[in-house]
1. Determine, yes or no, whether Met173 is open to solvent by 10 Å² or more (accessible area, probe 1.4 Å), out of contact with any Phe, Trp or Tyr (no Cβ under 9 Å at 6 or more places or on another chain) and within 14 Å of Val424 (Cα to Cα).
2. Are any residues in region 60-73 over 38 Å from the mean Cα position of the chain (by Cα) and open to solvent by less than 100 Å² (accessible area, probe 1.4 Å), and if so, which ones?
3. Ile85 versus (1) more than 19 Å from Leu114 (Cβ to Cβ); (2) open to solvent by 40 Å² or more (accessible area, probe 1.4 Å); (3) touching a residue at least 24 places away in the same chain (Cβ under 8 Å): which is the lone unmet condition?
4. Which of the residues spanning region 374-418 are part of a loop (DSSP other than H, G, I, E, B), open to solvent by 20 Å² or more (accessible area, probe 1.4 Å) and more than 17 Å from Leu215 (Cα to Cα)?
5. Which one of these is assigned to a strand (DSSP E or B), polar (S, T, N, Q) and either modelled with pLDDT of 90 or more or open to solvent by 50 Å² or more (accessible area, probe 1.4 Å) (or both): Gln351, Gln340?
6. Among the residues of region 261-285, what is the count of those that are open to solvent by less than 70 Å² (accessible area, probe 1.4 Å) and without any contact (Cβ under 8 Å) to a residue 24 or more places away in the chain?
7. Of everything in region 234-260, what is touching a residue at least 60 places away in the same chain (Cβ under 8 Å), aliphatic (A, V, I, L, M) and either at positive phi or open to solvent by 40 Å² or more (accessible area, probe 1.4 Å) (or both)? Give them in sequence order.
8. For region 88-107, which residues satisfy the criterion of being open to solvent by less than 90 Å² (accessible area, probe 1.4 Å) and in a helix (DSSP H, G or I)?
Amino acid sequence: MPEHQHETFSKFGKSFQEKLVKTILFDRNFANQMEEVLDTSYLELKYLQVFVDLMFQHKQDYPHPTYEAMVSVVRTQTEDYSDSIIKQVIEFMARIKSHAIGDDDDEYVKEKSLDFCKKQKLKEAILKSVDLLQSQSFDQIQKVINDAMNLGADNDHGHDWHKDVLDRFELKMRNPVSTHWDEIDMITKGGLGKRELGVVVAPTGAGKSMALAHLGAMAVVKGKTVVHYTLELADTVVGQRYDSCITGIDLKHLMTMKDSILQVIEHIPGQLIIKEYPTKSASTRTISTHLEKLKQKGINPDMIIVDYADLLKPTASGFKTQELRHSLGNIYEELRAIGQVWDIPVWTASQTNRSGLNAEVITMESISEAFSKCFVADFICTISRTIEDKTENKGRLFVAKNRNGIDGIVYPMEIDTAKVHLKVLPPDECSTIDAVVMKTKQEQDEHLRQKYQKFKQERRDKAQAENKKKQMNESKSLKEELQELAAEVQQEQTTP
């Protein structure tokens, strides 16, 4: 196709084209794809054409260039270009370094530019096929079209242990979001990191939803953008829990403290989106679609919360019948995948079975239905509260699993559900799992003894009551017999 017939990126604008070239520089896999389909004449601006030409020439002899490598290339290999073009290239690189060219639309730029280039290559292949039709070279036509269709495909075949050795020495940042529980942050290296799944396990009414609200509220206070999905409670109810957690105002007094709450919220740097779905109506696909819509509006979450995963609708598995534990396990895997795709941490909760309802410490055995959902999570903690704990605003948090540090620790907690106040306290000598289990065993033994004594007393009282009733019945029968005998005697005396 003659050069003058090329379409260009002009309709996308200057900002789009600069973001495209910046992305090619910093995203090696995308650069490999674009190298196959991008003709520099597609770029409207000459300095961008020069920069991309220099980059692709460098890639022919060396690995994908870093920003610093391109600085050296521009300094030493631009003698064939005018001073004005070189100046524009340098100014472009300066804007990259100063972050004047943003990263907010990277995925959109990659998708649209790759689609544009592949369509141009396909057009060229179709025009070339017109000439081949005259020679009836159908095999050649098929090859030309197929080659054009395959251009720009994902060329990332995985980590090459030899060629990609330097990648293994790059520091991978977790960028953890703090839990605001110092003890937990200490053992998780700062909180839950990006691409990680955290699960709070508790029986009904123990405070798992409160814990999720605490985690979200503390992230918002720190300036993070949080998306909270609620599948059980109304969005306004969840919002009130955030209000109470952040302001410290009792839930029942929120309606009378409107001005105070508004004043506090005004100075909170973070952003909170609460999305309500009816129970079992939303799946992980629903969540992914909602996140895409938020991104289109310029809302990029730093953390998402799902309250709670067991109430999500399982995605179709291809099997007509699927056991509950398998479908639940799939949901947790899909939630972790969402964290990986969006490069953010994901918190959710799970409900224990009935054995954990009044347990001193909820261990892995009490997690209901699916052990598989425990395996995929990076951090699992359980919250347990006995009846006595609830009256004293206390509880225990047991770290059941922690991929970034130690686990198996029991922490005492302050839990005031009236103010959505949850605080993890330092462990004491009675907070080891062995100590708590021993204490639980002793309490269970005492509970069984008292229950047995009560059973014996009830059985004794029941026996006494039955004996008394029997005696009364016997006494009543004897009286009735005497009355009947007296009546017979009287009847005999009156009979002539």
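The values are calculated or read from the model by the stated rules, or taken from the named source; none is laboratory data. Note that the coordinates shown come from a computational prediction; the quantities given were computed from them, not determined experimentally. Virtual Cβ from ideal backbone geometry, glycine too; neighbours counted across all protein chains shown. For accessibility, only protein heavy atoms count, side chains too; no ligands or nucleic acids. Shrake-Rupley method; radii C 1.70, N 1.55, O 1.52, S 1.80 Å.
1. No: the conditions fail for Met173.
2. Result: Val71, Ser72, Val73.
3. The single condition Ile85 does not satisfy is (2).
4. Within region 374-418, Glu392, Asn393, Arg403, Asn404, Gly405, Ile406, Asp407, Gly408 qualify.
5. Gln351
6. 2
7. Leu251
8. Across region 88-107, the qualifying residues are Gln88, Val89, Glu91, Phe92, Met93, Ala94, Arg95, Ile96, Asp106.
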